[in-house]
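Beneath this line is the structure, given in structure tokens, with notes to follow.
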Amino acid sequence: MKKAFLGMIAIILLVSPLVWAEMMEDVTQHSSCSYCGMHREKFAHSRMLISYEDGTQVGLCSIRCAAVDLANNIDKTPTTIQVGDYQTHKLIDAQMATWVLGGNQPGVMTKRAKWAFETKEAAEQFIKENGGETIDFEAAMEASYNDMYNDTRMIREKRKKMRMMKN
């Protein structure tokens, strides 16, 4: 019994890095956000990956930067839009995800957080602990566009403060 338990632990320890590496393959291919330069591994819980019908892909840190990319590539048709599940960090279909808007967790590149969850139950549990409301992908994207001006001002101010601290 003890040998079987130790054997199972050994298998888990050997397989875990392989599963994590496969799950984060997009981060290897697109290590930083195409727009803001943030490290996508650090923001695995909000990262996005957009594939276009011309075969190109873009890796982004958040739905805010995804909104910028979709607006800048108006003549390109996305074939898939994936987002990191807030809890597992696994890439999931952004349009099938349950999104949470708002709450007390700070957003990525935005004042008003927008998080994706693979299951509605996970989103509802997050809301119980952190606040917010469930929405679909269309509403999350619309909120991203509506928040863009204020978010851009916020980012500029933060970066200005960071530059001043360096000097």
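Read-outs: derived from the displayed coordinates by stated rules, not from any lab. Please read all numbers here as calculations on a predicted model, not as lab measurements. Note that we place each Cβ from the backbone using ideal geometry, even for glycine, and neighbour counts take in every protein chain shown.
Considering only residues that are hydroxyl-bearing (S, T, Y) and part of a helix (DSSP H, G or I), look in segment 120-163 and name the one that is nearest to A71 (Cα to Cα).
Y145
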*Which numbered condition K111 misses (of (1) surrounded by 15 or more Cβ atoms within 10 Å (Cβ to Cβ); (2) in contact (Cβ under 8 Å) with a residue 40 or more places away in the chain; (3) not hydroxyl-bearing (S, T, Y))*: (1)
*Which one is surrounded by the most Cβ atoms within 10 Å (Cβ to Cβ) among residues in segment 90-107 that are touching a helix residue (DSSP H, G or I) at 6+ places or on another chain (Cβ under 7 Å) and not in a strand (DSSP E or B)?*
A97
*Go through segment 64-87 and give me each residue that's touching a residue at least 40 places away in the same chain (Cβ under 8 Å) and under 22 Å from K128 (Cβ atoms).*
G84, D85, Y86, Q87
*What are the residues in segment 57-89 that are in contact with a strand residue (DSSP E or B) (Cβ under 9 Å, 6 or more places away or on another chain), farther than 15 Å from W115 by Cβ and in a loop (DSSP other than H, G, I, E, B), if any?*
N73, K76, T77
*Going through segment 71-89 one residue at a time, which ones are at negative phi and under 15 Å from the mean Cα position of the chain (by Cα)?*
T80, I81, Q82, V83, G84, D85, Y86, Q87, T88
*Which of (1) on the phi < 0 side of the Ramachandran plot; (2) under 13 Å from the mean Cα position of the chain (by Cα); (3) buried (at least 21 other Cβ atoms within 10 Å of the Cβ) is the odd one out, the single condition M38 does not satisfy?*
(3)
